[in-house]
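The block underneath contains the structure these notes are about, expressed in structure tokens.
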Amino acid sequence: MDALTLLHQRSSMGKLGAPAPAGESLEAIYQAALRAPDHKELRPWRFVEFTGEGRERLGELYAEAEFQADPDVSDTVLASVRKKPLRAPMIIAVIARVTPDVPGVPRLEQVLSAGCAGHGILLAAHAQGFGAMWRSGKYAFDPVVHKGLGLKDDDELIGFLYLGTPGGRNKPVARHDTDDFVERWR
Ligand SMILES: Cc1cc2nc3c(=O)[nH]c(=O)nc-3n(C[C@H](O)[C@H](O)[C@H](O)COP(=O)(O)O)c2cc1C
């Protein structure tokens, strides 16, 4: 797949089965993430990869977050929350590891860099025939989840990227009119 086709055709895949990327394919995915634009080469990112029972540990963290928010939460809700990370054989949490007070590289730039790394992961997965979907949801912003994943005060959890083998066909990609978004100063 040539680069422009990839950029134009990437789409999210919510239905994901085994196998997850592994070996050289997975390494290629991380290498794509690590090529994200990065002002002053701060490498403002960290990735936590969940597979196998690691996904159940993540589900436990979600359940703990629910319980802390509402100690009366029902067992049914907790059981359903625990299953959320099982929707794909692999999840990569993308964390913006922000260094405060770097002259010329404000927090926003560092978070954007980590976002670009996330996009790199989606693109590299798609390029190799894997499916991927970026999800956040309330747990991405939950202090219990942040603590469990070792985020520091300045860090942001910018998403959980679900990865695996597509469980269906990629949806057709809509072509947008660039004139709706581009203002041209000539
Ligand atoms: C930061 C971020 C967080 C997202 N969180 C969710 C989410 O929690 N649930 C969801 O259904 N889609 C979420 N999305 C959107 C999907 O990943 C996806 O981009 C969207 O469904 C459009 O599909 P497409 O990527 O094929 O265009 C998020 C996207 C971004 C960039």
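The values are calculated or read from the model by the stated rules, or taken from the named source; none is laboratory data. Please read all numbers here as calculations on a predicted model, not as lab measurements. Accessible surface areas use protein heavy atoms only, side chains included; no ligands, DNA or RNA. Shrake-Rupley method; radii C 1.70, N 1.55, O 1.52, S 1.80 Å.
Heavy-atom accessible area with a 1.4 Å probe sorts Asp179, Asp72, Asp142, largest first, into Asp72, Asp179, Asp142. Taking only protein heavy atoms and a 1.4 Å probe, the accessible area of the stretch 45-114 is 53% carbon and sulfur.
Ratio of Rg to Rh for the stretch 68-110: 1.26 [Cα atoms; Kirkwood radius as inverse mean 1/r over pairs].
Solvent-accessible surface of the chain, taken per residue with a 1.4 Å probe and all protein chains present: 60 Å².
Across every direction, the projection of the convex hull enclosing the Cα atoms of the chain has a mean area of 13.6 nm². In the context of the full protein assembly, Glu49 retains an accessible surface of approximately 80 Å², using a probe radius of 1.4 Å and ignoring ligands and nucleic acids. Rounded to the nearest 500, the 222 nm mean residue ellipticity of the chain from helices alone is -12000 deg cm²/dmol, with -39,500 (n - 2.57) taken per DSSP H run of at least 4 residues.
Distances between every pair of Cα atoms in the stretch 91-186, grouped in 10 Å steps from 0 to the bin holding the largest one, split as 14, 33, 31, 19, 4, 0 percent. Accessible surface for Arg184 stands near 120 Å², nearest 10, in the context of the full protein assembly shown (1.4 Å probe).
Kindly provide log₁₀ I(q)/I(0) values, in the same order as q = 0.11, 0.21 Å⁻¹, from the Debye equation applied to equal alpha-carbon scatterers of the stretch 1-100. For the requested q values the scattering log ratios are -0.50, -1.17.
Each part gets one Cα centre, and for the stretch 1-80 versus the stretch 90-152 those centres are 9 Å apart. Within the chain, the selection of entire DSSP H helices by a Cα span of 18 Å or greater along the long axis and an average Kyte-Doolittle value of at least -1.0 returns 53-69, 107-127.
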